[in-house]
1. Filter the range 212-266 for residues that are assigned to a strand (DSSP E or B), open to solvent by 30 Å² or more (accessible area, probe 1.4 Å), more than 22 Å from Lys39 (Cα to Cα) and touching a helix residue (DSSP H, G or I) at 6+ places or on another chain (Cβ under 7 Å) and give the result.
2. Among the residues of the range 197-211, which ones are assigned to a helix (DSSP H, G or I), open to solvent by 30 Å² or more (accessible area, probe 1.4 Å) and either under 18 Å from Thr157 (Cβ atoms) or aliphatic (A, V, I, L, M) (or both)?
3. Answer yes if at least one residue in the range 131-150 is buried (at least 23 other Cβ atoms within 10 Å of the Cβ) and not in a helix (DSSP H, G or I), and no otherwise.
4. Please indicate, with yes or no, whether at least one residue in the range 189-196 is open to solvent by less than 40 Å² (accessible area, probe 1.4 Å) and outside any helix (DSSP H, G or I).
5. Considering Glu116, Glu104, which residue is among the acidic types (Asp, Glu) and within 26 Å of Val131 (Cβ to Cβ)?
6. Would you mind finding the one in Asp335, Asp282 that is more than 27 Å from Gly189 (Cα to Cα) and crowded, with 17+ Cβ neighbours inside 10 Å?
Amino acid sequence: MAIEVCKVVLNSVTDASGLAELIERRLFAADQVIAVIGKTEGNGGVNDFTRILADRAFRDVLLARGAEKVSHIPMVWSGGTDGILCPHATVFARMPDQAPASDEPRLAVGIAMSDEILPEDIGRPAMVEKVAEGVGRAMREAGIDDPADVHYVQTKTPLLTMETINDARSRGKSVATDQPLESMNLSNGTTALGIGLALGEIEMPSAEAIGRDLSLYSAVASCSSGVELDRAQTVVVGNRRGAGGRYRIGHSVMTDALDIDGVYRAIRSAGVDLPERARAEDLDGRLVNVFVKCEADPAALVRGRRQVALDDSDVHHHRHIKAAVGGVVAAAVADPAVFVSVAALHQGPSGGGPVAAIVDLG
């Protein structure tokens, strides 16, 4: 079984016509779709219901075309297409490989759902452990034994709302924060530490290190959180010899918001030869999509220049940095339909973030 992967644009919040067209063209069947990772046009915050609307639209298309157990398919929606970013989705399907068997590393995908993450787990070691266990199961499903072959782990986890905070308190439990928006970053960061633990990038962190020790991070974690689930939804993407298909993934990190070469390093890692000073035209149509996490540098500096996004009380710094990095990445690949997500605590180096690239090797 090989992985097929396609990118489709969302022409409205509830537009899933791109997915429908792929199925109608018989590129794959509805029941072969195993995961969707996408960007929606909402505010990216706790109350961003565009994620729920897009999720419903895509699941309805699959149901109408004969797919079963649609609720089990991970659909990770990241809200907010600030700046020039374009709402879109990357669809993964597993299907028989028609090509002769090859021992070349090719794309492999595994999915898993963790045990329930309780409100009192968020931001604490219990969440790290639950995420790590789920990542291990997703790796096994993908047939990936070596953590070095994992290049991208996309998750969706719960965050805190006033309802879940009050639920924890009614049971005599405390929560790591009573601020729902702050819990988004904390949930993402705790999840990233779970990914790093599962892949051997870090040791089990102490409770005090979570959200504070920025030297601890995963170079392949891309973590998103929302109100639409109560456990970690995990998609592990890597390469496996003999997997078949045309696609391969690679990764690198952007060291800061201007590190355009980090995007090209990820593409080279996936197996595309690029000149030393690469440009978008050198990609020659081989890039499927690039996936990036970013965060405003907590030192409020970029290349030694002072930044004021963290001081802005009118526009949250998440929106500043998403738009800025989105512009850098879109320029690198000449396509604004790229996956750029914020709240990158423990995901890549401080002020930068992981970047993964899926390419079509033909």
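The values are calculated or read from the model by the stated rules, or taken from the named source; none is laboratory data. These numbers were taken from a predicted model, which means no experiment stands behind them. A quick note on method: Cβ atoms are made from the backbone with ideal geometry, for glycine too, and the neighbour counts reach across all protein chains shown. Heavy atoms of the whole protein, side chains included, go into the accessibility calculation; ligands, DNA and RNA do not. Shrake-Rupley method; radii C 1.70, N 1.55, O 1.52, S 1.80 Å.
1. Arg240 - this is the single residue of the range 212-266 that is assigned to a strand (DSSP E or B), open to solvent by 30 Å² or more (accessible area, probe 1.4 Å), more than 22 Å from Lys39 (Cα to Cα) and touching a helix residue (DSSP H, G or I) at 6+ places or on another chain (Cβ under 7 Å).
2. Leu197, Ala198, Ala207
3. yes
4. Looking through the range 189-196, none of the residues is open to solvent by less than 40 Å² (accessible area, probe 1.4 Å) and outside any helix (DSSP H, G or I).
5. Answer to the selection: Glu116.
6. Result of the check over Asp335, Asp282: Asp335.
Here's the yes/no breakdown for (1) under 17 Å from the mean Cα position of the chain (by Cα); (2) among the β-branched types (Val, Ile, Thr):
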position	(1), (2)
Val135	yes, yes
Asp146	no, no
Val150	yes, yes
Thr155	yes, yes
Glu163	no, no
Ala168	no, no
Ser174	no, no
Thr177	no, yes
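The rows are residues; the columns are (1) touching a helix residue (DSSP H, G or I) at 6+ places or on another chain (Cβ under 8 Å); (2) closer than 15 Å to Ile34 by Cβ; (3) touching a residue at least 40 places away in the same chain (Cβ under 8 Å); (4) surrounded by 21 or more Cβ atoms within 10 Å (Cβ to Cβ).
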{"site": "Ala54", "(1), (2), (3), (4)": "no, no, yes, yes"}
{"site": "Arg59", "(1), (2), (3), (4)": "yes, yes, no, no"}
{"site": "Val70", "(1), (2), (3), (4)": "yes, yes, no, no"}
{"site": "Val76", "(1), (2), (3), (4)": "no, yes, yes, yes"}
{"site": "Gly79", "(1), (2), (3), (4)": "yes, no, yes, yes"}
{"site": "Cys86", "(1), (2), (3), (4)": "no, no, yes, no"}
{"site": "Ala89", "(1), (2), (3), (4)": "yes, yes, yes, yes"}
{"site": "Pro96", "(1), (2), (3), (4)": "no, yes, yes, no"}
